[in-house]
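See structure below.
The values are calculated or read from the model by the stated rules, or taken from the named source; none is laboratory data. Every value quoted in this text rests on a predicted model; they were computed, and no experiment measured them. Cβ sites come from the backbone with ideal geometry, for glycine too, and all protein chains shown count toward neighbours. Accessible surface is based on the protein model in full, side chains and every heavy atom, while ligands, DNA and RNA are left aside. Shrake-Rupley method; radii C 1.70, N 1.55, O 1.52, S 1.80 Å.
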Amino acid sequence: MAKWWRGLRSAAEVADLPASSFGRSIRCLHQYETIQAIPREATGRRVSARDRTIGRIPAVVFPQSLLGTDASKRGVSRKQLLTADRKQIKSILDSVGLPFFCSTTFKLQIRAGQGSSTLIESGRVLPLKIHRDEETGKILNLVFVWADDGEQLKVDVPVVFKGLENCPGLKKGGNLLSIRSSVKLVGPAENIPSKIEVDVSKLDIEDKVLMQEVEFHPSLKRLSMNETVCKIVATSPVKEPEDVQA
């Protein structure tokens, strides 16, 4: 769905984040914590509800290959049922920013139990989904995929715009029409970016950025179609109300 941005908008507004927190979010993209988790042996609504009452969030981590339809290519499963600390996850979400959480990899450590120093397994993971309560917005479950070096991942990477303050088209009173909010990429986990910056500093009225012009690491393949990412459009003239004859 297309979005209209009038005048000189900041990257914070384009990413739908409060301006007061966006600068902090960008600076912290690579200063995140190691996610600490513990195994959960039982599943079900009652068990999950109990975990949530003690400040834990039910989670699962598995290889992205398990999402494929070809069972012969799934390999050995590293699926783990876990719980994570709610306060830690909230802290990470607040610092990284929601648009970038599911395109940022994190180190995961699975301990034998809460407060235990025994490490069962560790590695890098990528958040895949956040399930929330529709009424309260509280996080109900988290889904991660393993993201160790060499893992082939498919990720929707958020698009943010830079150079807005220098954009000739915006200086003339035009609007930035944001058509794509993300780019779907596939490639090795270590080269997946948390965000893709699209430079609009040289765009004039009616200029646009196409999907094939978006730059990223050469090891990554773009899955999104060749289409327009954004465009500078002229401001629609305001129509004067017609005089009504008595």
Name the single residue that is farthest from residue 96 (Cα to Cα) among those in the range 167-210 being of a type in the set (A, V, I, L, M) and more than 18 Å from the chain's Cα centre (by Cα).
205
Can you tell me which condition residue 155 does not meet? The list is (1) assigned by the TED database to the domain that holds residue 214; (2) more than 18 Å from the chain's Cα centre (by Cα), and all the others hold.
(2)
Kindly indicate whether any position in the range 191-204 is open to solvent by 10 Å² or more (accessible area, probe 1.4 Å), of a type in the set (Val, Ile, Thr) and in a loop (DSSP other than H, G, I, E, B).
yes
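Okay, residues lined up against (1) assigned to a strand (DSSP E or B); (2) open to solvent by less than 10 Å² (accessible area, probe 1.4 Å); (3) not assigned by the TED database to the domain that holds residue 59:
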residue: 87; (1), (2), (3): no, no, no
residue: 92; (1), (2), (3): no, yes, no
residue: 107; (1), (2), (3): yes, no, no
residue: 110; (1), (2), (3): yes, yes, no
residue: 113; (1), (2), (3): no, no, no
residue: 124; (1), (2), (3): yes, no, no
residue: 142; (1), (2), (3): yes, yes, no
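Identify, from the list 150, 187, 163, the residue that is open to solvent by less than 10 Å² (accessible area, probe 1.4 Å) and at positive phi.
Unique residue meeting the criteria: 187.
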Answer yes or no as to whether residue 29 is modelled with pLDDT of 95 or more, surrounded by 14 or more Cβ atoms within 10 Å (Cβ to Cβ) and of a type in the set (A, V, I, L, M, F, W, C).
no
